[in-house]
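Single-structure report; data block below.
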Amino acid sequence: MVDLRSLDGKTLLITGGAGFIGSNLIHFMLKRFSHIKIINLDKLTYAGNLENLRDIENDPRYEFIHGDIRDNELVEKLFRKVNGVIHLAAETHVDRSILDAGEFVLTDVYGSFVLFEALRKVDIDFFLHVSTDEVYGSRDEGFFTEEDPINPSSPYAASKAGADRLAHAYNVTYGLPILILRPSNNFGPYQYPEKFIPLFTTNALEDQVLPLYGEGTNVRDWLYVEDHCWAIELVIRKGNIGEVYNVGANCEVQNIAVAYRILETLKRPRSLIKSVPDRLGHDRRYALDCRKIHALGWEPKHSFEDALSATVTWYRDHPEWWKAIKGKSKSFKSFYNEYYKNRK
Ligand code: NAD
Ligand code: TYD
């Protein structure tokens, strides 16, 4: 167990802190601990956005470093300044990985390798590796425990699986203080609007179609991002080094039901939903057995209904945030043009 009763007084390195979960985590940690110091290492890919952190950019407890996790000299230098690392940086969108998996292998697998190598050289208290439930692959019924074999189906999930097993190997082989988290689908503020919930919400707000893959019967277990942040904190403080922890909300919902709920909240018609060709290799269902993290004292504090409504309201009230991405970002538009060109 990492002997940290509190993260107060500690310096943490968060990789990928300008992304969706990272920026929520930085807000969460700064609110929760008065004397924490956070260094955010982020390359600012298309998904990294410093607007997510504008309100805390001058907080003396926070420092931003613009850099790549594959830069081993930079990584080693930063490791020498911190007590612990939370590794989130990754390429994360399944549809992009289907079009071109190269950056996924280079960032998710090789980038994680660079971090694990640095960990061999620098003595720090803990390294929390954020993996994903997608490494297990799909199952029609029952729940994956941490002991189940991994069997990823998309290039994204396979890249995350490579990093997940490297994390395990570096713990077993070199005794490094690594813990692994496998969270389910997150949602909340600051999620890049190519992902399902923010895409459907912002499209509905603009009275544009909601492109539902296939029949819309695929199932995801939706976890509110703040509950995930709390799980990260708890596993760092109470988890056992070398172990894997599933984090899910036990909240399975079919995609079509999520779409209906978004439309109801925004008072938009169901006719906005358009069935489009299914994602290649589309995983039918993710489902986690979370007894291990429950035993540490974690459970989700937010209901899906309330958290989804708060999330949809957040996007409704922050159009400047997502319009800047959807309107101006070449990378957003060109990705979708290319994606659908290939799916006709
Ligand atoms: P995101 O795409 O919103 O953010 C990723 C961040 O990583 C961006 O800020 C990007 O600039 C940064 N980044 C990418 N490559 C980098 C590099 N080479 N060097 C430094 N920074 C780099 O992702 P997210 O949704 O916040 O996910 C964070 C982590 O959580 C990922 O590891 C993801 O696999 C995992 N995860 C996400 C979910 C989810 O539902 N979002 C679920 C389970 C696990
Ligand atoms: P996504 O947010 O990409 O997460 P995941 O990593 O679980 O694939 O997608 C969530 C679900 O929503 C998934 O079953 C695919 C579906 N989906 C659509 O139906 N339409 C879309 O435009 C997108 C992006 C996703």
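See the values below:
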quantity: In the stretch 266-282, the residues that are in contact with a helix residue (DSSP H, G or I) (Cβ under 7 Å, 6 or more places away or on another chain) and under 20 Å from D221 (Cβ atoms); calculated: R279
quantity: Qualifying residue in the stretch 120-138 (condition: farther than 22 Å from D283 by Cβ, crowded, with 18+ Cβ neighbours inside 10 Å, away from ligand 2 (no atom under 16 Å from the Cβ) and under 19 Å from the mean Cα position of the chain (by Cα)); calculated: yes
quantity: Which listed residue, of L25, L119, is at pLDDT 95 or above and over 26 Å from P193 (Cα atoms); calculated: L119
quantity: Hits in the stretch 35-92 (condition: among the hydroxyl-bearing types (S, T, Y) and either near ligand 1 (Cβ under 10 Å from one of its atoms) or closer than 30 Å to P155 by Cα (or both)); calculated: T45, Y46, T92
quantity: Set L30, L74, L12: member being away from ligand 2 (no atom under 16 Å from the Cβ), outside any loop (DSSP other than H, G, I, E, B), in contact (Cβ under 8 Å) with a residue 24 or more places away in the chain and out of contact with any helix residue (DSSP H, G or I) (no Cβ under 9 Å at 6 or more places or on another chain); calculated: L74
quantity: Count of residues meeting criterion [crowded, with 23+ Cβ neighbours inside 10 Å and either of a type in the set (D, E) or more than 20 Å from Q191 (Cβ to Cβ) (or both)] in the stretch 79-118; calculated: 6
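For (1) assigned to a helix (DSSP H, G or I); (2) under 15 Å from D68 (Cβ atoms), each residue gets a yes or a no:
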| position | (1), (2) |
| --- | --- |
| V82 | no, no |
| E91 | no, yes |
| I98 | yes, no |
| L106 | yes, yes |
| G111 | yes, yes |
| V114 | yes, yes |
| A118 | yes, yes |
| D123 | no, no |
| E147 | no, no |
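The values are calculated or read from the model by the stated rules, or taken from the named source; none is laboratory data. Not measured: the values here are computed from a predicted model. Don't worry about glycine lacking a Cβ; one is built from the backbone with ideal geometry, like all the others, and counts go over all protein chains shown.
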